[in-house]
Amino acid sequence: MKLSTVAWHAGVIAVLAIVLYPIVWVVAATFKPSEDIIGGLSLLPTEPTTVNYERAVEGIAGISIARFFWNSTVLAVLSVVGTVASSALAGYAFARLRFRGRGAMFALMISTLLLPFHVLIIPQYAVFQRLDLIDTYVPLLLGKFLAVEAFFVFLMVQFMRTIPHELDESAKIDGAGHWGIFWHIILPLARPALITTSIFTFIWSWNDFFGPLIYLSTPDKYPLPLALQLFVDEASGSDFGALMAMSMLALVPVVLFFLFFQRFLVEGVSTSGLKG
Amino acid sequence: MATVAPTRQAEASGQPAGPRTRARRSGDGVAGYLFLSPWILGVLLLTIGPMLTSLYLSFTDYNLFTAPEWVGLDNYKRMFEDARWLKSVQVTAIYVAVAVPVKLAAALAVAVLLNNKRKGQGFYRAAFYGPSLIGASVSLAIVWKALFTDDAVVDRMLRVVGINTGGWAGNPDFSLMMLVLLGAWQLGAPMVIFLAGLKQVPVELHEAAHVDGAGRWLRFRAITLPMISPVVFFNLLLETINAFQVFTSAYIVGGPNGSPAGTTLFYTIYLYDRGFSDFRMGYASAMAWMLLLGVGLITLFLFRTARGWVYYSGDRR
């Protein structure tokens, strides 16, 4: 290896070490007794213990952590299903169909891309309250099924536009309708966009705090971020280790998604590299 | 569903020539609206409707339980006499003005560092990107608070090298800075975008300048920066708009009152507090519209200044 290459690796790793330090520190901290955590500079626990995780698994307020995981999973999975379906449908219409008002509606969709959601939440809350839907998952999920996340609609449009039109033409000749073309041709070819949408929707839903904070009030229905906040309020200071351990457990699915997504990327790059 | 479209098409082809022909050639109205129906419902019921309603509510006194009462511009006037509102504007403005440049500079520096063809680049890119997926979560805010608690890890480490801030999380002078650092820690997302931009810079330009004796810094300033200026602008716009809306980390670190001493009372936190703790929903709506106005003006301002420093290829300047 050339000297410059070694220097480059050393430089990158040094910067990376600073960025990843908080993660390494907290993972190590979860294996320390609570009282050693706050001031503990050394990464390796002197007396490793799993007591933090044992307490984290017990949960809070008499509700086990499994319940919060389940709630988060339900919300995330339904969000993915709703977002992927509704954005793919809208993307197909915007990218492949011609109809009156398409241009205006597309412009409207783009203009909602960067709209701060704060101008929407108060009336939304008032309506859901009127409909007696507070403390249910409906307010958190309805928008996902109605393609409210313009970012993903835009992603679908961009991707579907690149699919050659000859494919639709030949399918049309074979007698396929729009649904057939959408289902059998566009969707399979748009897989990368569907996967990207799924991954981001899952992670955003998993991390979402604001939505559950305003809409949910029964701890039994809390997803993990809200449960963590409850834990902060109830155990502030006293059970630091368990709080850290629970925070880490809450991140596991996101980390797994990230690792899996990475492999997906690397595979794509290496196969195209082989072909090239 | 699969049979709907062909039937309709058959019907259409049976129609005499006329306006129909054009409709048929120019596509499929019904199918278009059908595919778009979830989005249309969403945009009407969850975007345009609420937007107009909140604009109306911003001119009323409304507490969710009694009918809104028209008060004209009162809510807007009251904001400028509301010390907490002014504080929240100040906190948010400082945060945007500091956090965005810090984050973008860090992201660009790492991107430049990573931008070379050596083995391992993909791995490093992923490793730097990772934190931006978890950075805005409650978990990470909890971890951050633990790291920056007074007399905790960061405090002690800095004292080893002779820096004493007198605490972070509990110190009004540094509590906001700790959130700026949390923002910068999520440099991965803009970094990936910068890296994509850097790959587009032609190597020949650098080589030619190198031959002419231009040093690294000069080449970066005279070639790289102008070439990637559209990407810089894109990142700047996105990060600025996002920075205005920080909520989760600030709420976990400082709570609904922005402790210590209101130094982490972000605009969104105060809006939440007014709207959903006090149920002053007319006031909160007016606050939301002021936020939209602020973000809109900043966006406009960025687009205006962009003419002076963003270069698109083919631009004759």
Completion exercise
Note on the range B:149-197: residues among the hydrophobic types (A, V, I, L, M, F, W, C), farther than 27 Å from B:Gly255 by Cα and without any contact (Cβ under 8 Å) to a residue 24 or more places away in the chain are B:Val160, B:Val161, B:Ile163
Practice task
Please go through the range B:166-188 and pick out each residue that is polar (S, T, N, Q) and either touching a Leu at 6+ places or on another chain (Cβ under 7 Å) or closer than 13 Å to B:Thr264 by Cβ (or both).
Solution key: B:Asn171, B:Ser175
Problem - Close pairs from the range A:63-77: first of a type outside the set (A, V, I, L, M, F, W, C), partner surrounded by fewer than 16 Cβ atoms within 10 Å (Cβ to Cβ), Cβ under 8 Å, at least 6 apart - result: A:Ser64/A:Val57; A:Ser64/A:Glu58; A:Arg67/A:Asp220
Handout entry: Answer residue from the range B:178-194, given it is within 13 Å of chain A (Cβ to nearest Cβ) and of a type in the set (A, V, I, L, M) and is farthest from the chain's Cα centre (by Cα) among those
Key = B:Met178
Exercise for the section: Please specify each residue of the range B:255-278 satisfying the condition of being touching a residue at least 24 places away in the same chain (Cβ under 8 Å), more than 10 Å from chain A (Cβ to nearest Cβ) and either closer than 19 Å to A:Leu120 by Cβ or touching a helix residue (DSSP H, G or I) at 6+ places or on another chain (Cβ under 7 Å) (or both). Expected result: B:Gly258, B:Pro260, B:Gly262, B:Thr263, B:Thr264, B:Leu265, B:Phe266, B:Ile269, B:Tyr270
Problem - Evaluation of B:Phe233 against (1) more than 21 Å from B:Ile193 (Cα to Cα); (2) of a type outside the set (S, T, N, Q); (3) touching a residue at least 40 places away in the same chain (Cβ under 8 Å) (one fails), failing number - result: (1)
Exercise for the section: With respect to B:Val112, determine if the residue is modelled with pLDDT of 90 or more and farther than 28 Å from A:Pro253 by Cβ. Expected result: yes
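Out of B:Ala209, B:Ala214, I need the residue that is among the hydrophobic types (A, V, I, L, M, F, W, C) and not in a helix (DSSP H, G or I). Which one?
On the way: B:Ala209 fails: not in a helix (DSSP H, G or I).
Answer to the check: B:Ala214.
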Exercise for the section: Kindly list, by first and then second residue, each pair from a residue in the range A:106-127 that is over 22 Å from B:Met287 (Cβ atoms) and at the interface with another protein chain (Cβ under 8 Å from one of its Cβ atoms) to a residue that is surrounded by 16 or more Cβ atoms within 10 Å (Cβ to Cβ) and among the aliphatic types (A, V, I, L, M), limited to pairs with Cβ atoms under 9 Å and residues at least 6 apart or on different chains. Expected result: A:Leu108/B:Val43; A:Met109/A:Ala90; A:Met109/A:Ala147; A:Met109/A:Ala150; A:Met109/A:Val153; A:Met109/A:Val157; A:Met109/B:Val43
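Of all the helices (runs of 4 or more DSSP H) wholly in the range A:111-201, which have at least 3 residues that are at pLDDT 90 or above? Spell out how you get there, then give the answer.
Values: elements: A:118-130, A:138-145, A:150-161, A:165-173.
Per the criteria, A:118-130, A:138-145, A:150-161.
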Fill in the blank from the handout: Selection over the range B:146-156 where residues are at the interface with chain A (Cβ under 9 Å from one of its Cβ atoms) and either in a loop (DSSP other than H, G, I, E, B) or surrounded by fewer than 22 Cβ atoms within 10 Å (Cβ to Cβ) (or both) yields a count of 5
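Select, from B:Thr305, B:Thr299, the only residue that is of a type in the set (Ser, Thr, Tyr), in contact (Cβ under 8 Å) with a residue 40 or more places away in the chain and either closer than 21 Å to B:Val100 by Cα or surrounded by 20 or more Cβ atoms within 10 Å (Cβ to Cβ) (or both). Give the derivation first.
On the way: B:Thr305 fails: in contact (Cβ under 8 Å) with a residue 40 or more places away in the chain.
Checking each option against the conditions leaves just B:Thr299.
Conditions (1) acidic (Asp, Glu); (2) closer than 30 Å to B:Val110 by Cβ; (3) in a helix (DSSP H, G or I), marked per residue:
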residue	(1), (2), (3)
B:Glu239	yes, yes, yes
B:Val246	no, yes, no
B:Arg274	no, no, yes
B:Phe303	no, yes, yes
Completion exercise
Of (1) of a type outside the set (D, E, K, R); (2) facing another protein chain (nearest Cβ under 9 Å); (3) surrounded by fewer than 21 Cβ atoms within 10 Å (Cβ to Cβ), A:Tyr92 fails just (3)
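Going by the structure shown, is B:Tyr95 facing another protein chain (nearest Cβ under 8 Å) and aromatic (Phe, Trp, Tyr)? Walk me through how you get there before you give the answer.
Numbers: facing another protein chain (nearest Cβ under 8 Å): no; aromatic (Phe, Trp, Tyr): yes.
Criteria not met by B:Tyr95.
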Problem - Tally, over the range B:124-137, of residues that are part of a helix (DSSP H, G or I) and within 7 Å of chain A (Cβ to nearest Cβ) - result: 8
Completion exercise
Of those in the range B:52-92 that are under 28 Å from the mean Cα position of the chain (by Cα) and among the β-branched types (Val, Ile, Thr), the residue nearest to the other protein chains (Cβ to nearest Cβ) is B:Thr53
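The values are calculated or read from the model by the stated rules, or taken from the named source; none is laboratory data. In this text the structure is predicted, and so the values were computed from the model without any measurement. In this analysis, Cβ positions are derived from the backbone assuming ideal geometry, glycine residues included, and neighbour counts consider all displayed protein chains.
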